[in-house]
Amino acid sequence: MQGIWLVSWIAVLLAAAPSAAWAQLPDPPRSPSQEDVSEARDAFVRGMEFAAERRFAEARREFVHSYALSGSPVALFNLASTLQSLERPREAAVAFERLLAEPGLDATIRARAEPML
């Protein structure tokens, strides 16, 4: 009986894992201010620099900040890619799923993101 309970509990935890990862992504703003867009751009550039240096934890932080301020699909794409580089596949998948769920997503970004998911 304990074995069945344990297996059931593990199944519940695994089912909740993607939604927990989804919750870690910030919600994009509805209408960012020009100041926020400017700050997001700076964070994005820093993220790109960190990624080029293979400093993925720092890149992740900057891409999260950029996405939180701007809601930019490109920032979300880079965040998802960075999560893959950090070997965090569930979080990367959640980020890619959110990206691909965006209405009006640029076809080029979609074409790059779909195989990465």
Within region 24-59, work out how many residues are in a helix (DSSP H, G or I) and of a type in the set (Ser, Thr, Tyr). 1
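Name the one entry in ARG90, ARG60 that is touching a residue at least 60 places away in the same chain (Cβ under 8 Å) and of a type outside the set (Phe, Trp, Tyr).
ARG90
Pick from GLU87, GLU102, GLU62, GLU97: which is outside any helix (DSSP H, G or I), of a type outside the set (Val, Ile, Thr) and either open to solvent by less than 40 Å² (accessible area, probe 1.4 Å) or within 17 Å of LEU25 (Cβ to Cβ) (or both)? Step through it out loud before you land on a result.
Numbers: GLU87 fails: either open to solvent by less than 40 Å² (accessible area, probe 1.4 Å) or within 17 Å of LEU25 (Cβ to Cβ) (or both); GLU62 fails: outside any helix (DSSP H, G or I); GLU97 fails: outside any helix (DSSP H, G or I).
Exactly one residue qualifies, and that residue is GLU102.
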Examine region 40-54 for a residue that is surrounded by fewer than 20 Cβ atoms within 10 Å (Cβ to Cβ) and under 17 Å from VAL94 (Cβ atoms), and state whether such a residue exists. no
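The values are calculated or read from the model by the stated rules, or taken from the named source; none is laboratory data. What you see is a predicted model, and the numbers here were worked out from it, not measured in a lab. Here Cβ is always computed from backbone atoms with ideal geometry, including for glycine, and neighbour counts include all displayed protein chains. For accessibility, only protein heavy atoms count, side chains too; no ligands or nucleic acids. Shrake-Rupley method; radii C 1.70, N 1.55, O 1.52, S 1.80 Å.
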